[in-house]
1. Quickly rank 182-191, 125-134 as a protection proxy: mean count of other C-beta atoms within 10 Å, highest first.
2. Amide H to amide H, which residues 5 or more places from ARG146 or on other chains are under 5 Å from it, using H placed in the peptide plane?
3. Compute the Cα gyration tensor for segment 53-193, then decide on rounded, prolate or oblate, letting a ≥ b ≥ c be the square roots of its eigenvalues: rounded whenever a/c is under 1.5, prolate when a/b is larger than b/c in the other cases, and oblate in all that remain.
4. Could you state how much accessible area SER111 has, in square angstrom rounded to the nearest 10, with a 1.4 Å probe and all protein chains kept in place?
5. How do ARG177, ARG78 rank by accessible surface area computed with a 1.4 Å probe, from largest to smallest?
6. Whole-Hz Karplus ³J(HN,Hα) for segment 37-46, in order, using 6.51 cos²θ - 1.76 cosθ + 1.60 and θ = phi - 60°, x for Gly and Pro?
7. Find the accessible area per residue for segment 67-193; the probe is 1.4 Å, ligands and nucleic acids are left out, and the unit is Å².
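The values are calculated or read from the model by the stated rules, or taken from the named source; none is laboratory data. Small disclaimer: the values here were computed from a predicted structure and weren't measured. So basically every Cβ, Gly included, is an ideal-geometry build from the backbone, and we count neighbours across all protein chains shown. SASA here: full protein model, heavy atoms, side chains in, ligands and nucleic acids out. Shrake-Rupley method; radii C 1.70, N 1.55, O 1.52, S 1.80 Å.
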Amino acid sequence: MKAKISHIAFFLLISLVSLSSCKKHTIVESMPEPVSDYQIWSVVLDSLGIGSSTTILAIGDTTFSLVPYSDQSDSLFRLYVQTNIPSIDIGVLDDFLSKNKLSRKIDPLLSLRNSYVLLSKHKVQTDFTWYTTNYPNAGHFITISRPGYNSDFSQALVSIDFFWPMAGHGEYCYLTRTANGWVIQKTLGSWVS
């Protein structure tokens, strides 16, 4: 009995050490995800006119994380979005902030009008010359967040960023679900450089 308790205690200790040594920005490997995430991403990428002048879309192969967010920046984010989108359900913001603490792998399941390629964000961000050489017709390099939803999945919020060597910008996209699918109701600028 003592040996069994020792083994359990040892297992718990190892588990705690393993959890505490994990990096805060760990990328979660591909996992089952509601198809609606891919629907949201596809609607956003198709609806914003992305790709109208390019032959291929270059998209980051993982979602981006919003860390390091602080309680103060979370509050400012909430205030900004709620001021500009008064009808947004607070649950959407809670879910958005919670889901985007970690990055997630994006699988090639997007349904887009344009061809697309999923590229390593790290590779593109550390060697933009490689990107412009290998994908000269791609235009901006695009990264996207995980969507946040309200409890009945009738509203969603996603963030999308566009990068080019010396410039870029980001947008929050607020969507609602209608009888015909997801529709972008409003976009808000999130940053520009």
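1. Values: 182-191: 15.4, 125-134: 12.7.
The packing order, highest mean first, is 182-191, 125-134.
2. Close amide H contacts, sequence-distant or interchain: PHE64.
3. Numbers: a/c = 1.97, a/b = 1.51, b/c = 1.31.
It comes out prolate by the Cα gyration axes.
4. Per-residue accessible area (SER111): approximately 90 Å².
5. On the way: ARG177 125, ARG78 60 Å².
My answer, sorted largest first, is ARG177, ARG78.
6. Those phi angles translate into 4, 5, 5, 4, 4, 5, 4, 4, 5, 6 Hz.
7. Values: 6580 Å² over 127 residues.
Averaged over the residues of segment 67-193, the accessible area is 52 Å².
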